Amino acid sequence: MTLSYEVIKSRFDAAGQGHVFKHYNALSSTEQQRYLTQLDRIDVERLNAITATTLAAQAKELANQKAGTSPVLEPLPPSCFATVIDNPSQAQGWWKEGIDAISRGEVAVILMAGGQGTRLGTTEPKGCFDIGLPSGKSLFQYQAERIGKLQELAAATIRWYIMTSGPTRKATEEFFENGGPKSKPGTPYFGLKKDDVIFFEQGMYSSKLRKNSLPMRRKQVHYQLSQRTERSSLKVQERSQKHRMETVASMLLSPKSSCLPVSRF
């Protein structure tokens, strides 16, 4: 479908963002359609409203600080939190409550997995990364097996919602379909049912400059959540395997780590 230049331009002009068309005529016809598609996905009116709300809150806080009327942050009252450290009876009680909730179909898992592993020296999704465990398991497989075990204990199904991004969705889905990397395929979906693993893609909003205008890069709007492949550097890629393993393994093997209800990497 061919997008209307006039309609999209009028929206951005009305929102005070007409400058994004400054280099439009320098693009080829194919590039123009691609650019219009990009702009059409931006809810510029909502973006302006979000920016205005954020700046207003910031201005209010700065004024309060100057007047000495900023609210004082205080610790949460004991009734708002609890711990299982040195409290095995509490831990056992919560474990039973969790298993019972899973049995009733009240629990799902959501995994924030939209980022690439550039800081780990790879452009693949971080969940596909081999962190050097003796088993050779990836983060995705590790969590899939934890979910599978909980399903066995609770005799119930746990839906797994995995948030991806434009650069990671295809690779993530293929990794699950193969049950691992193409060079070493395993059980599809790591033993989970395909219908119980739901992939969805995170949305994107353009970044904005302090003067409230959409920034331009290479004659097009610069996305804050753009693909990071081009940004990977030799410095990142040259990080030692030992350092990469320690970074992720320390997160994975922490006593506080848990796949329920929310995980992120």
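What follows draws every value from the coordinates through simple rules; no lab data is involved. Only a predicted model underlies this, so the values are computations on that prediction, with no experimental measurement involved. Every residue, glycine as well, gets a Cβ built from its backbone with ideal geometry; the counts of neighbours run over all protein chains shown.
At a 10 angstrom cut-off on C-beta neighbours, averaged per residue, how do the peptides 23-36, 117-130, 144-157 rank from highest to lowest?
Numbers: 23-36: 12.9, 117-130: 19.7, 144-157: 16.0.
In descending order of packing, they fall as 117-130, 144-157, 23-36.
Order 82-92, 192-202 from most to least packed using the mean count of other Cβ atoms within 10 Å.
Per-residue Cβ counts within 10 Å, averaged per peptide and sorted highest first, yield 192-202, 82-92.
Give the Rg (one decimal place) followed by the Dmax (whole number) of segment 1-151, computed from C-alpha coordinates and expressed in Å.
Here Rg and the maximum Cα pair distance are 25.6, 70 Å.
Applying the Karplus parametrisation 6.51 cos²θ - 1.76 cosθ + 1.60 with θ = phi - 60° to the phi angles of segment 83-99, what ³J(HN,Hα) value in whole Hz is obtained for each residue in order, glycine and proline being reported as x?
Per residue, the Karplus-derived 3J(HN,Hα) values read 9, 9, 5, 6, 9, x, 5, 5, 4, 5, x, 5, 4, 5, 4, x, 4 Hz.
Of Lys137/Lys184; Lys96/Lys149; Lys126/Lys182; Lys149/Lys184; Lys126/Lys170, which pairs sit farther than 18 Å apart, going by alpha carbon to alpha carbon?
Check vs 18 Å cut-off fails for Lys149/Lys184.
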